[in-house]
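The values are calculated or read from the model by the stated rules, or taken from the named source; none is laboratory data. In this text the structure is predicted, and so the values were computed from the model without any measurement. Neighbour counts are summed over all protein chains in view; Cβ atoms, including those assigned to glycine, are modelled from backbone coordinates with ideal geometry.
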Amino acid sequence: MFNSITLADGGRTTDPTWVWSGDTLMDLNKYQALKMKPKTIGGDDYLFIEAGGFSERHPAGWQPPWFVLKRQSN
């Protein structure tokens, strides 16, 4: 998926095939919408993003794994 991402104004990211709005990151390659959750833990900022992999083959109640990215200091 990715090792880093920059969320810019207007829903843009560092990759034109990834766009975001509110708490959702849209993967235009795989036509999926991934939830994002920012969290601060121990004074550090993290962004949790669903890893995707949605499929009708998964059983009811299946939950996707999450990617965790740590904010880099400026």
Please specify each residue of region 6-29 satisfying the condition of being in contact with a Gly (Cβ under 7 Å, 6 or more places away or on another chain) and of a type in the set (Ser, Thr, Tyr).
Ser21
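Please enumerate the residues belonging to region 30-40 that are closer than 12 Å to Leu69 by Cα and out of contact with any Gly (no Cβ under 9 Å at 6 or more places or on another chain).
Here is the first cut: in region 30-40, the residues closer than 12 Å to Leu69 by Cα are 36-40.
Result: Lys37, Pro38, Lys39, Thr40.
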Could you list, in sequence order, the residues of region 16-50 that are within 10 Å of the chain's Cα centre (by Cα) and either outside any strand (DSSP E or B) or on the phi > 0 side of the Ramachandran plot (or both)?
Asp23
Consider Phe48 carefully, then state whether it is in contact with a strand residue (DSSP E or B) (Cβ under 8 Å, 6 or more places away or on another chain) and either exposed (fewer than 12 other Cβ atoms within 10 Å of the Cβ) or at pLDDT below 95 (or both).
no
Does any residue of region 64-72 turn out to be aliphatic (A, V, I, L, M) and either in a strand (DSSP E or B) or in contact with a strand residue (DSSP E or B) (Cβ under 9 Å, 6 or more places away or on another chain) (or both)?
yes
When Thr13 is evaluated against the numbered criteria (1) outside any loop (DSSP other than H, G, I, E, B); (2) surrounded by 11 or more Cβ atoms within 10 Å (Cβ to Cβ), which criterion, by number, is the only one it fails?
(1)
